[in-house]
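Working notes, beginning with the structure itself.
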């Protein structure tokens, strides 16, 4: 169940990436490549929070508008957003209009700023790299791990919200901490360094 799928272009991809051209593009050019910048990791944290209860395809489709609303996920700019601006964001139909998720972006941006007095966001995240055997099917890819649970606990201890073991595992996959591209996928081995 859920082995790689060879598309019309002759390229083998993970099954989740074959649902649309946008998913294939994201899979081929971004997902699983190592991200160590504060801004890049902050964006992925926010996007994983927005994904809770939704499909990744939905979040990916709204990412351009989310980037616009949240100043390209610049933590300093997001930290400075006023309640009034966040309320205005909640009226934009192009966005995911969940009050808790929108306000969590600002809360998390402020936590990221505080992390700068220590090792920083990247150090906290990259200290918790999940260990996963190379999966051959989608069913072999876990949704959480002891490391993602530890990452969630560490992030929460620094004041971040909407971070749990599942969202932290998804973050680890997206940001290249762990390689869950399936065996046979053309992107297998491209990340997790």
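The values are calculated or read from the model by the stated rules, or taken from the named source; none is laboratory data. Since we're looking at a predicted model, the values are computed, not measured. Glycine also receives a Cβ, built like all others from the backbone with ideal geometry; neighbour counts cover every protein chain displayed.
Conditions (1) in contact with a strand residue (DSSP E or B) (Cβ under 7 Å, 6 or more places away or on another chain); (2) crowded, with 18+ Cβ neighbours inside 10 Å; (3) modelled with pLDDT under 95; (4) within 22 Å of residue 124 (Cβ to Cβ), marked per residue:
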position	(1), (2), (3), (4)
19	no, no, yes, no
35	no, yes, no, yes
41	no, yes, no, yes
45	no, yes, no, yes
51	no, yes, yes, yes
56	no, yes, yes, no
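Going by the structure shown, is residue 99 modelled with pLDDT of 95 or more and more than 18 Å from the chain's Cα centre (by Cα)? Explain how you work it out, then say what you get.
Values: modelled with pLDDT of 95 or more: yes; more than 18 Å from the chain's Cα centre (by Cα): yes.
Criteria met by residue 99.
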Between 64, 75, 34, which is without any contact (Cβ under 8 Å) to a residue 24 or more places away in the chain and either within 26 Å of residue 159 (Cα to Cα) or over 13 Å from the mean Cα position of the chain (by Cα) (or both)? 64
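Can residue 102 be described as buried (at least 20 other Cβ atoms within 10 Å of the Cβ) and either in contact with a helix residue (DSSP H, G or I) (Cβ under 9 Å, 6 or more places away or on another chain) or on the phi > 0 side of the Ramachandran plot (or both)? If you could, list the steps in order and put the result at the bottom.
Details: buried (at least 20 other Cβ atoms within 10 Å of the Cβ): yes; either in contact with a helix residue (DSSP H, G or I) (Cβ under 9 Å, 6 or more places away or on another chain) or on the phi > 0 side of the Ramachandran plot (or both): yes.
Yes: the conditions hold for residue 102.
Do we have any residue at all in the stretch 93-105 that's without any contact (Cβ under 8 Å) to a residue 24 or more places away in the chain and over 20 Å from residue 164 (Cα atoms)? Reasoning before the result, please.
So in the stretch 93-105, the residues without any contact (Cβ under 8 Å) to a residue 24 or more places away in the chain come out as 93, 97, 99, 102-103.
Now narrow it down to the ones that are over 20 Å from residue 164 (Cα atoms): 93, 97.
Yes, the stretch 93-105 contains a residue that is without any contact (Cβ under 8 Å) to a residue 24 or more places away in the chain and over 20 Å from residue 164 (Cα atoms).
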